[in-house]
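Here's the structure, in C-alpha cells; my notes come after.
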Amino acid sequence: MAPSVPAVRPTRRGLAVVAVTVGAFLLGATGGARSLNAVVVPALVALAASAVQLYRADPPTVERSVPEPGFAGERRRVTATVDSGVPCTVHENADPGIRAESLTATVGHGGRFTYDIGYRRRGEYTLGPADCIQTDSLGLFRRTVTSAESDPATALVYPDIYDLDTDLVRLVGTFVDDDRSSFDRLREYVPDDSMRDIHWRASAKRPDDDFLVAEYGSRGATDEVTVVGEAATDRESADAMAATVASVAAHLHDFGVTVAVRVPDGDCIAPPGSVEGLLELLARTDGGRVETDGQPEVHVVAENGTATVTLDDRDVAFEAGGETRGREVVA
C-alpha cells in the first residue's frame, strides 16, 4: 500500500488571499481584464506555487542527543537538531515513562532547540518521532507530517537501589563475612591492597578520587557471587526483581565481591566499581524465567510486585524502603 500523502490545507493568511482573489475576480468581471491581471493572476500564481512547494517538500529530519542514563527522579536535557526544506514548527513526542517539558519549538527551515526530561520509573524509553507542522515560504498553506527518523534516541532509567535490611544483610553476609562487630577501620588505599578490600560506598562519598579500604577482624573467602533474577511478566514484578538484584549487587560491591548476574534479558559480570553494564541490563530486562545449570548462589524471584531472595534454602522478602542510593553507586 502506498504511503498516504499529508493533506495540504490553507492557513489563515492563505484563506485571506483566496478571499481577496475571489473578490478581485468578481470586481474584475465588471471592471475589465486589467483588474484581473493586476490582482487575480499574481494571487493565483502565489497560491499555486506555495501549494506545489509544500506538496513536494520532504518531511523534516530530527536528530537528538542521547541523554545520559540515570535513576528515577533525575533530570536530563535533550538537544534536538532539525533540518527542513520549508519553515516548520516541531512538537516532540516522548514515552509516558518520562516527563517532558517545552516540547514545541518553531525552527524555520531548521535549527536547534532543547527540552528537559524527568525520569519517572525504570525502563528504556523512546524520544520521538516528532509531529511537525510545515508551511510554505509565504505562509499560505500548511500540513502536519511525522519527522523522518533514522535511529531514534532512547532514555535509559536504572532500577532503584536500596540498602539491604537487617535480615538480608545477615543472609548475604555469608559471602562477605559481614560481621559489623569485626569492623576495624577505614584507611587510604595503597598499591599492595586487593581491589576486594576497597569499600566502594565510602569511597564514592569522597570529594577526590582516592579509595578507602575497609579492615575487618575477619574476612570472607568469596570473590565472585552468582545472582539470578526471575519475575512474573507484569511490570511491577519485573521492577521489583531488578531493584532487588541491583541492591544485592551494590551491597556485595561494597565489600569488593564481583557479581555475575543472569536475568531474563541477558547476563553480565560486574566487578566492583564497574556497574554501568549491570544497571543497563537491569533497566531493560522484562519478567520471565531463566535457565541455569544448577542452583544459583543467590536467587531472586518476584511475583505480584514483591521480591524474595533465596540463599542456602533460606527465603527473605526484600523490603524496598528508605532513600535510594542512586548516583552514589556509579560515582
Inset, instruction - Please give the direction-averaged projected area of the C-alpha convex hull for region 93-137, in square nanometres with one decimal. - result: 3.5
Inset, instruction - Any chance you could run the full-extension gain for V169 through T233? It's 0.36 nm times the residue separation minus the Cα-Cα distance, nm to one decimal. - result: 20.3 nm
Inset, instruction - May I ask you to work out the translational diffusion coefficient for region 256-326 at 10 °C, viscosity 1.306 mPa s, via Stokes-Einstein with Rh from the Kirkwood sum over Cα pairs, reported in whole µm²/s? - result: 116
Legend entry - Loop sites in region 39-140: GluC sites (Glu not before Pro), DSSP, at most 14 other Cβ within 10 Å: none
Inset, instruction - Find how much the distance from S274 to S65 grows on full extension, using 0.36 nm per residue of separation minus their present alpha carbon separation; answer in nm with one decimal. - result: 72.8 nm
Inset, instruction - Could you work out, for region 40-152, what percent of all Cα-Cα pairs fall into each 10 Å distance bin, beginning at 0 Å and stopping at the bin that holds the largest distance? - result: 14, 40, 25, 13, 6, 2, 0
Inset, instruction - Report the full-extension gain for the segment F25 to R187: residue separation times 0.36 nm, less the Cα-Cα distance, to one decimal in nm. - result: 49.1 nm
Legend entry - Derived scalar couplings ³J(HN,Hα) [region 225-242; Karplus, 6.51 cos²θ - 1.76 cosθ + 1.60; whole Hz; x for Gly, Pro]: 10, 9, 10, 10, x, 10, 7, 5, 7, 6, 4, 5, 5, 4, 5, 5, 4, 4
Legend entry - Amide H contacts under 5 Å for E230, placed H, 5+ residues apart: V300, V301, A302
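None of the figures in this text is laboratory data; all of them are computed from the coordinates on show. Values in this document were obtained by computation on a predicted structure and should not be read as measured data. So basically every Cβ, Gly included, is an ideal-geometry build from the backbone, and we count neighbours across all protein chains shown.
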